[in-house]
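Scroll down for the structure; my scribbles are underneath it.
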Amino acid sequence: MYAIVEIAGQQFKVERGNKVYVHRLDYNEGAKIEFDRVLLIDNGGKVSVGNPTVDGAKVAATVITHLKGDKVIVFKKKRRKTTQKWNNHRQSFTQILIQGVLGKGETLKDEIEVAKYEKKVFGKKKEVAPAAEEVVEAKPAKKAATKKAPAKKAAAKKTTKKKD
């Protein structure tokens, strides 16, 4: 069972157990949310299309974390005008876990635990610092002393005088 739902002005295809990155939402981490702007529901081949939304349909979700996206560089230049502008931008996102797609009159039977899902930042796991006992300082290896070859002296330039 999946649904097409509008969240923060964008449409997403969601199923139970999906993690979705949406534009920043004003909810705390761990908050339970319901989205009622469901545009389409597919329940095992039985498709319900809304006009514009499906009556009584909802998508239940839980906020996992708030994070920022990758840096986007904005560079504008007008050639031959000595005009250029440099800007950066990082979009704020909210990661949500879809608990279920609910039709008219349905309720959520069992929730998916958010603790099962590790907090990941766009596919990269956050690294945890090792315990103090495990840290061993390694001394850098000494470089072997090498003799440099003497530099060659530049040959004297021969100049010739022009005869008039």
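Every number in this text was worked out from the coordinates using simple rules, so none of it is lab data. The model shown is predicted, which means the values in this text are computed figures rather than measured ones. Quick reminder, even Gly has a Cβ in these numbers, built from the backbone with ideal geometry, and neighbours come from all protein chains shown.
For trypsin sites (Lys or Arg not before Pro), the sites in segment 69-107 that DSSP calls loop and that have at most 15 other Cβ atoms within 10 Å are ARG79, ARG80, LYS81, LYS104.
Each principal axis of the Cα atoms in segment 2-108 has its own extent, and those three values, largest first, are 64, 31, 20 angstrom.
Going through segment 1-51, which GluC sites (Glu not before Pro) have at most 14 other Cβ atoms within 10 Å and a DSSP loop state? Please list the in-between numbers first.
Details: sites: GLU6, GLU15, GLU29, GLU34; in loops: GLU29.
The qualifying sites are GLU29.
Putting +1 on Lys and Arg Cβ atoms and -1 on Asp and Glu Cβ atoms, find which of VAL63, PHE75, LEU39 reaches farthest to the positive end of the dipole of segment 2-108. Among VAL63, PHE75, LEU39, the one farthest towards the positive end of the dipole of segment 2-108 is PHE75.
Cross-linked pairs LYS32/LYS104; LYS32/LYS71; LYS19/LYS104: Cα-Cα separations exceed 21 Å for LYS32/LYS71; LYS19/LYS104. Projected onto planes of every orientation and averaged, the convex hull of the alpha-carbon atoms in segment 1-46 covers 3.6 nm².
Restriction of the chymotrypsin sites (Phe, Trp or Tyr not before Pro) in segment 1-40 to DSSP coil positions whose beta-carbon has at most 16 other beta-carbons within 10 angstrom yields TYR27. For segment 70-87, putting each phi into the Karplus relation 6.51 cos²θ - 1.76 cosθ + 1.60 with θ = phi - 60° gives couplings of 5, 6, 10, 8, 10, 10, 10, 9, 10, 5, 6, 10, 6, 10, 8, 9, 10, 9 Hz, in residue order, rounded to whole numbers and with x for Gly and Pro. For segment 1-20 versus segment 32-108, the spacing of their alpha-carbon centroids is 7 Å. Rounded to 0.05, the FRET efficiency of the ASP70 and GLN10 pair, given R0 = 25 Å and the Cβ-Cβ distance, is 0.90.
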